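Novice: Once you've had a glance at the structure underneath, I'll fire off some questions.
The values are calculated or read from the model by the stated rules, or taken from the named source; none is laboratory data. Since this is a predicted model, take the numbers as computed values, not measurements. Reconstructed Cβ throughout: ideal geometry from the backbone, glycine too, with neighbour counts over all protein chains shown. Protein only, heavy atoms only, side chains kept; ligands, DNA and RNA dropped before computing areas. Shrake-Rupley method; radii C 1.70, N 1.55, O 1.52, S 1.80 Å.
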Amino acid sequence: MEHLLTVNQIEKYYGNKSNLTKAIETYANGTQALKHVDLNVDKGEFVGIMGASGSGKTTLLNCISTIDRVTAGHIMIGGQDITSLKGNHLNRFRREQLGFIFQDFNLLDTLTAYENIALPLTIQRVDAKEIDERVKDIAAQLDIMKILNKYPYQVSGGQKQRVAIARALASDPQILLCDEATSALDPQTTSSILELLQDINQKFGITIVIITHQMSVVREICTHVAIMKDGEVKEQGLVEEIFSHPKSQVAKELISKDSGNDVESKKL
């Protein structure tokens, strides 16, 4: 079966470009954020990319989302090599095939919830009647019909994130990319948003990739996990297998730490 997402030997450098070698850009006094990263994601999977701060997980998500361009290697989504896309072709692919959920919601304060959700469809010049049907259908499923006429500053953090998720789903993307989607929320709201993402994954079969530094998030909602350290994917596979039989040292340490947090929580 062809993977929905294939990350093949990608590298990412930040710094001052010095020269070009055979096919790889090298940088003087630069930082290599990603080192020969491979990752495969099949349709319908819910993948958590995790690691400590500076592990490279955010850079990897930025490359998959086309926010950053890779220095070397290739990323395929739905059979399309997105590392070769430029200009209008890249913009169109980003608008129509990728859904984004940000930790700070990234909603426009001058637009109502309805208008924020409708925005990507409006940019695509979808018929107004179809926009209305799609916005209301998604809003009903995400339980935000009552706030469609309100502005972001008039609703709670959890409601803002639901609006952001609805906007991400409006274009019926191939893959949903989440950047620490619950880090700005309180524990109770975090739980409800995670349950919502899991429900979206299971009900609609949409592929989701989420980055997090919390092992508990991966354990609760993800089907697969990729663990990063120092710009490399150290281990990846089914969540239950890695939690039961971690092979890399970083996975063992993260799982041990997570288990310790569980014990402390139960004591409290």
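Novice: Say whether the condition of being charged (D, E, K, R), open to solvent by 50 Å² or more (accessible area, probe 1.4 Å), touching a helix residue (DSSP H, G or I) at 6+ places or on another chain (Cβ under 9 Å) and at pLDDT 95 or above is met by at least one residue in the range 59-80.
Specialist: no
Novice: Restricting the search to the range 216-241, which residues are crowded, with 23+ Cβ neighbours inside 10 Å, more than 14 Å from the chain's Cα centre (by Cα) and within 16 Å of S256 (Cβ to Cβ)?
Specialist: I227
Novice: Looking at F93, F100, which is the one that is over 30 Å from Q214 (Cβ atoms), open to solvent by less than 80 Å² (accessible area, probe 1.4 Å) and within 18 Å of the chain's Cα centre (by Cα)?
Specialist: The match here is F93.
Novice: Could you say which residue among D109, D137 is open to solvent by 10 Å² or more (accessible area, probe 1.4 Å), within 20 Å of Q202 (Cβ to Cβ) and at pLDDT 95 or above?
Specialist: Only one candidate qualifies: D137.
Okay, residues lined up against (1) part of a helix (DSSP H, G or I); (2) touching a helix residue (DSSP H, G or I) at 6+ places or on another chain (Cβ under 7 Å); (3) within 24 Å of Q124 (Cβ to Cβ); (4) among the aliphatic types (A, V, I, L, M):
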| position | (1), (2), (3), (4) |
| --- | --- |
| I210 | no, no, no, yes |
| V217 | yes, yes, no, yes |
| M228 | no, yes, no, yes |
| L254 | yes, yes, no, yes |
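Novice: Now a separate question. Mind checking which residues of the range 38-66 are part of a loop (DSSP other than H, G, I, E, B) and over 16 Å from Q80 (Cα atoms)?
Specialist: Scanning the range 38-66 gives G44, E45, G51, A52, S53, G54, S55, G56.
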